[in-house]
Each structure stands twice: as structure tokens, then as C-alpha cells.
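Each remark here refers to the structure printed beneath this line.
The values are calculated or read from the model by the stated rules, or taken from the named source; none is laboratory data. What you see is a predicted model, and the numbers here were worked out from it, not measured in a lab. Methodologically, a virtual Cβ is constructed for each residue, glycine included, from the backbone with ideal geometry; neighbour enumeration extends over all protein chains shown. Each accessible area value is taken on the protein alone, full model and side chains, heavy atoms only, with ligands, DNA and RNA left out. Shrake-Rupley method; radii C 1.70, N 1.55, O 1.52, S 1.80 Å.
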Amino acid sequence: MDEKIRSIIAQFELPEGETDARPYGNGHINDTMCVRVQTAQGEQRFILQRVNSYVFPRPKEVIENIEQVTAYLRGIIERAGGDPRRETLTLIRTREGAHHVIAPDGELWRMYLFIEGTQSVDLPDTPALFALCGRAFGKFQRQLGGFDASKLHETIVDFHNTPARYRQLEDAIARNEAGRLHQVQEEIAFCRRYAREVHALLDALNAGEIPLRVTHNDTKINNVLLDAQTGEGVCVIDLDTVMPGLAAYDFGDSIRAGANTAEEDERDLSRVSLSLPMFRAFAEGFLAEAGAALNAREKELLPMGAKLMTLECGMRFLADHLNGDKYFKVHRENHNLDRARSQFALVRSMEAQWEEMAAIIREIGG
Ligand code: ADP
Ligand code: GN1
Ligand code: MG
């Protein structure tokens, strides 16, 4: 283990014992490590993360949000007779009583209890498993229904403001920082067809048709830990972007990530499509938990959430490709371009099945 990591770990209040740390997980943003401590009672594991300071320019605000949200959830879970150390994230304190360490290079690190006996999947393999993901994210939204949103920092400004994301793409095109513009003319033309539609959700908010809620905003499927035996949702993780948002954001981002018949970075676009059985399964799970709180217009806009979250994510990947891959971790050449193309293929597939998506929501939502 390198000296820098060792000295960061030493600042957290961990049990005594031989300790090692290895890279862990498939997140696109933070550097995640699994820390193992051999104690007299056996092995204990922890998650150590460097919060990405390019993505989160005020990382202390991220920690403050997580302290507040997890404290609130702990109360809800305890009152329901659950186990808060398993059902929400638990930040580990440093020897000085803080919930983070600032390394000599200025980077912020935090540590969580490792939630054992769980798995996270990048693509659920059955509708039944995806329905359990829907329940988990729907429950998360319901649990935070009484949380005062004004207490939260906006950790990434305009995170799901799709018109703002569209403008950021136009900026990236104008700057052409990485000199890749010539590669992506078709993709740009595709995005520009949506110059008006990107406003659909915010127009409904501004018209007072749908409310602002406290939402997770990053409901990718690997951000819920599922029970390794039963597949039931145990804990929603990756709380860095919990902020005021729309129900359609959380619903839509999960559909984007989990109802795709291919991986997020699939190069063979003929394999990319929206699976209606998966869409239905997630909607059933999500609405069973969160549906009672949603108004009719919010439900009606869920398919639009799926489409705009997919388009938006594609625009973000495309902008990052043009900017020179500064935001999302990349593992191969043109990785962000591949991701953008597959997101746009998914948007097309949703449009081809638009009536069916709407009918499913009407059927489930009543
Ligand atoms: P990123 O923002 O980079 O996606 P995450 O917080 O989602 O980072 O963590 C990356 C991965 O690490 C998750 O997908 C999950 O597999 C694993 N992970 C994170 N926190 C925990 C935890 N407390 N217990 C077990 N696994 C975890
Ligand atoms: C990032 O952090 P992770 O890997 O769960 C990103 C999401 C994107 C997703 C695309 C803070 O999620 O917004 O939808 O990648 N998170 C942030 O895979 O930007
Ligand atoms: Mg994650």
C-alpha cells in the first residue's frame, strides 16, 4: 500500500490490526478503495474514497450534505425497526472527530463502513431484480419526503438542468479544446434536434405542474447495494448529488442505466435498445414505493424523465469527449464518444416505443 494512502487511513478511527487497501468498484467519478483490517475478531472492511475535486469543487459541502442526509435516514430507519448501519451509509470519524481528511495535496478523503453481504450490478439481468432496484430508489425518495431541502448545498450547480447541459455542450463545441470536433458532426446534429425538448421538465416545474423534491440524482443501478442472497435493495449509496430535484430525474436515470439491453459504453449500437419488460418492472417497483406521493402530471412525465436523462447523459459524455476527458474516468480511446453514441441510440429506441412507455405508466399509475 502506498505511503500516502497509509497516512490517510491512519487518520481515521479504525480498529487495531494489519491493514491493506485495494482499488474497488466501477464508479466513473471518485477513487474508491476497499480497506481491510485484520482484527482479533476477524476481518473488517471499509470503503475509502477520494472525492473528485474537479467534479465537486466544494467537497466539504458534499460531506456536510451526506452528514445531514444519513443522520436523517438513520432516524427514519431506526423508527421503522431497521438496521441503520446496513440500510444507509455510515461515515467513519477521524481521530480528531471530523468525517473527512484533507491530504497534503488538498484532496478530500472520506471513509464509510463497508456494507457486507451485498452486491452492486451494472446491468440487472432480470426484470425481477430491476423491480427491486425500483423499490429501493422509490423508497429512498419516500424516506426523504419530509427532509428540508433548503438545508442542502447544491454540490453541482445545474446538475440535471438539461437546458444548461445543452448550453455546456454548445460551449464545448465552440471551444473544441481537444480538437475532436470533426469526429462528432452527426452526434451534434442529433443533439440540436432537441433544442426545444430539453426544456420539457423544467417548463412543467416553472408552470407549477410538478413539485421540487429531495432526490438522489444519480440513480445508476450500481448505486444501490442489493442483498447478495435475495436481491432486495439494502442501501442506496453514492449520496454526493442528493439535492433538490424532480421525481422524473431519479426514475429516468435508472431507466437509462438499467433498462438498456446493452452496456452504457456498448460500441455495437444494434445491441442498444430500451427493454419494455425492464421499463415496466422498474416502474412497478418505483411507483409501489414512491407513487402515492406523486401527482398525476409527475407520473405522466416519467417517460420524459427517461428520455431527457438519457439525452442529457449523452450530451455530458459528448461534451467531455470534446473537452478532453476531464470529468468522467475513461478506460480506452474514445470512451466518452462511445458512451455518448450509445446513449443517443437509447434515446432513439425510446422514441420508437414512446406510446408503449406512456401506456405502461398509465396502466401502473392508475
Ligand atoms: P462513484 O461516485 O465513483 O460512482 P460510489 O460511491 O458509487 O463512487 O462507489 C463506487 C462503488 O463502490 C459502488 O458502485 C459500490 O460497488 C462500492 N461501494 C461504495 N460504497 C460502499 C459501501 N459502503 N459498502 C460496500 N460497497 C460500497
Ligand atoms: C456518474 O458516480 P457514478 O459513476 O455513479 C455521474 C452520473 C452519470 C453516470 C454515468 C456525479 O455516476 O451523473 O449519470 O456517471 N455522476 C456525477 O454513468 O456526475
Ligand atoms: Mg457510483
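Worth a mention:
- Within the range 324-346, residues that are without any contact (Cβ under 8 Å) to a residue 12 or more places away in the chain sit with their Cβ atoms under 7 Å from residues that are assigned to a helix (DSSP H, G or I) and buried (at least 18 other Cβ atoms within 10 Å of the Cβ), at 6+ positions apart or across chains, in these pairs: Val330/Asn336.
- Residue ID - nearest to ligand 3 (Cβ to nearest atom), chosen from residues in the range 123-135 that are touching a Phe, Trp or Tyr at 6+ places or on another chain (Cβ under 9 Å) and open to solvent by less than 30 Å² (accessible area, probe 1.4 Å): Cys133
- Taken together, Arg332, Arg280 contain a single residue that is assigned to a helix (DSSP H, G or I), open to solvent by 20 Å² or more (accessible area, probe 1.4 Å) and at pLDDT 95 or above, which is Arg280.
- Beta carbons closer than 9 Å, at least 6 apart along the sequence or on distinct chains, pair a first residue in the range 95-122 that is within 13 Å of Tyr24 (Cβ to Cβ) and surrounded by 18 or more Cβ atoms within 10 Å (Cβ to Cβ) with a second that is modelled with pLDDT under 95 and of a type in the set (S, T, N, Q) for Ser120/Asn26; Ser120/Asn222.
- Single condition Val272 does not satisfy, out of (1) open to solvent by 40 Å² or more (accessible area, probe 1.4 Å); (2) more than 20 Å from the chain's Cα centre (by Cα): (1)
- Yes/no for Ile47 being within 13 Å of ligand 1 (Cβ to nearest atom), more than 30 Å from Asp320 (Cβ to Cβ) and not assigned by TED's automatic domain parsing to the domain that holds Thr155: no
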